[in-house]
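Student: Could you have a look at this structure, given as structure tokens, before my questions?
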Amino acid sequence: MNIDLEIAGPVATVRLNRPDRLNALSEEMKEAMPDIFGRVNRDPSVKVVVLCGAGRGFCASGDTTTMGQFTAVTGRERLKRAHRMIIALANIEKPVIASVRGPVAGIGWSMALACDMIIASDTAVFSQVFRNVGLSPDGGAIYFLSKVIGELRAKELVYRARKLGAEEALALGLVTRMVADAELEAETQRYVEELVDGPHFSFSTTKKMFKLLHQPSLETFLDAEAWAQGVNLLTEDHGEGIQAFREKRRPAFKGN
């Protein structure tokens, strides 16, 4: 299923392990991750969770090889798999650190934003490129981006599908810390060691307080996202976006 779980003492590391595809999420990976996140959440020995990717990228969004293969019904099921994964990650009652490098795209960026902290290599590139294939963002991207940087800036990133380097992401408050690529693992470990020694019950209650700050709830927002994406999957623009992506050309959208 291309996901590795390592529990070493009080630290659980969840590693996306599909480096030949820059850790793009397959449907099987989305299906498996809620159980993995649930397991580390329930394990009393785990105090801190690290989410990372194998190789030179964190996660290059979902698997593009399946684009265009969904109906309104199967597309909704696909979104539900993604939503279960995001909700399970966001509901871990322990500090979760995303340790990222290279592409952090689409739902991969949503996964990072669902964590409590993001430690980024200076090679990290963040993007929401759904507009290029005629879709709305998924994985709670609009929810998370608006929460972190505000609606105005979130709209610019989503509408323009503009890519952000790690330095700009840091300036916007979208990452916690940026380090040279060679230092990423060591810097992540420094954060882990500090959190492992912390008041773990207090961390769990504090995390719940942060969640209560924002309305609507993530679950309510994801219901609306499932509706929007289900409609978009049926449009001619989505079909044109897929074709343009495969032909490596600029899409000619018509608004239908």
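Student: Quick one: would you say Glu187 is more than 18 Å from the chain's Cα centre (by Cα) and surrounded by 16 or more Cβ atoms within 10 Å (Cβ to Cβ)?
Tutor: Taking the combined requirement at face value, the residue satisfies it.
Student: Mind listing just one residue for me: the one in the range 5-34 that is of a type in the set (D, E, K, R) and under 17 Å from the mean Cα position of the chain (by Cα) and, of those, farthest from Glu77 (Cα to Cα)? Write out each step before concluding.
Tutor: Initially, the range 5-34 is screened for residues of a type in the set (D, E, K, R), giving 6, 15, 18, 20-21, 27-28, 30-31.
Okay, now just the ones that are also under 17 Å from the mean Cα position of the chain (by Cα), so 15, 18, 21, 27-28, 30-31.
Values: Arg15: 24, Arg18: 23, Arg21: 23, Glu27: 10, Glu28: 13, Lys30: 11, Glu31: 11 Å.
Restricting to residues being of a type in the set (D, E, K, R) and under 17 Å from the mean Cα position of the chain (by Cα), the top hit is Arg15.
Student: Pull out all pairs, ordered by first then second residue, where Cβ-Cβ is under 9 Å, the residues are six or more apart or on different chains, the first lies in the range 114-132 and is at pLDDT below 95, and the second is hydroxyl-bearing (Ser, Thr, Tyr) and open to solvent by less than 20 Å² (accessible area, probe 1.4 Å).
Tutor: Sorted first by the residue in the range 114-132, then by its partner, the pairs are Gln128/Ser110.
Student: Out of (1) at pLDDT 95 or above; (2) open to solvent by 20 Å² or more (accessible area, probe 1.4 Å), what's the single condition that is false for Leu135?
Tutor: (1)
The values are calculated or read from the model by the stated rules, or taken from the named source; none is laboratory data. None of the values given here were measured: they were computed from a predicted structure. For neighbour counting, all protein chains shown are included, and Cβ atoms are generated from backbone atoms with ideal geometry for every residue, glycine included. In case anyone asks, the SASA skips ligands and DNA or RNA and just uses the protein heavy atoms, side chains included. Shrake-Rupley method; radii C 1.70, N 1.55, O 1.52, S 1.80 Å.
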